[in-house]
Amino acid sequence: MKIPLKTLSMRNKYRVLSVVLLLSFSPILQTGNGLMATPLKKLPDTYNLSSATAKFEAEVNCLYTESNLEESGLRLEVFEYAYKGYLKLLEQHKLNRSNVITICDFSQSSRNRRLYVVDLETRKILVNTYVAHGRRSGGEYAKTFSNKWSSHKSSLGFFVTEQSYTGRHGLALKIHGLEKGINDKADRRNIVIHGSKYVSEDYIRSNKFNGRSFGCPAIPNSDVKEVIEDMKGGSCFFIYHPTKKYLTSSKILNG
């Protein structure tokens, strides 16, 4: 039975590819008389997909466990996607700050602390706080996303942080979208990280869920200084949602 790889999870996709590769280079040859052993040349390390997959999974699991991300509500699968993209950007020399990765998990309710700033060297969560999605992306949960001007929706994918500045929202941080057609219009849309009074513990006490933005990943005013200080200057920022169209089309995740 043929299994489309795009329907599998990241971990299962790796396993299927590993099996296919191993079968492709199996050291047996079928002849008219049955199966007969045949010499197999040693494959270069670049073809050792099974070993590379095992190493990646071990590294992800170690980082995930030691950073206590499960206890903070972030699923392992989400961290796997984020870390895979982070390694790709690191390989492409897109990151000036390699010790920090920030994950915004829009699969969670806006009532949750779904923004995670993680120090990969110390394996600690630097900040875990609330973050808003665009008002047209959904209510309590974000459901739809856009890269269009005036859509008032959030964009998914990988960004690299730039420098902080002071604007109409006070201290803010510019982010640059790295995925064409998915988030590369963030600059023109003025999508930035900024503080807001409609995203906070106090706001949730008197509302069903946190407020929404025009598309910016807005965070509580009380956390904005610390978050921006930890993220600014060229670190990896990933906005996640289990949207199949994004997960199967992202060149960073599938390149």
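The values are calculated or read from the model by the stated rules, or taken from the named source; none is laboratory data. All of these numbers come straight from a predicted model, not from anything done at the bench. Positions of Cβ are generated from backbone atoms using ideal geometry, with glycine treated the same way; all protein chains shown enter the neighbour counts. With ligands, DNA and RNA removed, areas are computed over all heavy atoms of the protein, side chains included. Shrake-Rupley method; radii C 1.70, N 1.55, O 1.52, S 1.80 Å.
Kirkwood hydrodynamic radius computed over region 71-155 comes to 14.1 Å, based on all pairs of distinct alpha carbons. Pull out a ≥ b ≥ c, the square roots of the eigenvalues of the alpha-carbon gyration tensor of region 132-184, then state rounded if a/c is under 1.5, prolate if not and a/b is larger than b/c, and oblate in the remaining case. Verdict is oblate for region 132-184.
Here the simple spin-label model places points 7 Å from the Cα toward Cβ, and for SER249 and LEU90 these points are separated by 2.9 nm.
Accessible surface area normalised per residue over region 207-253 is 44 Å², counting heavy atoms of protein chains with a 1.4 Å rolling probe. Pairs LYS197/LYS245; LYS143/LYS185; LYS143/LYS244; LYS148/LYS208; LYS153/LYS244; LYS174/LYS245: which exceed 23 Å Cα-Cα? Violating the 23 Å limit, Cα to Cα: LYS197/LYS245; LYS148/LYS208; LYS174/LYS245. Per residue, the Cα convex hull of region 204-255 amounts to 133 Å³.
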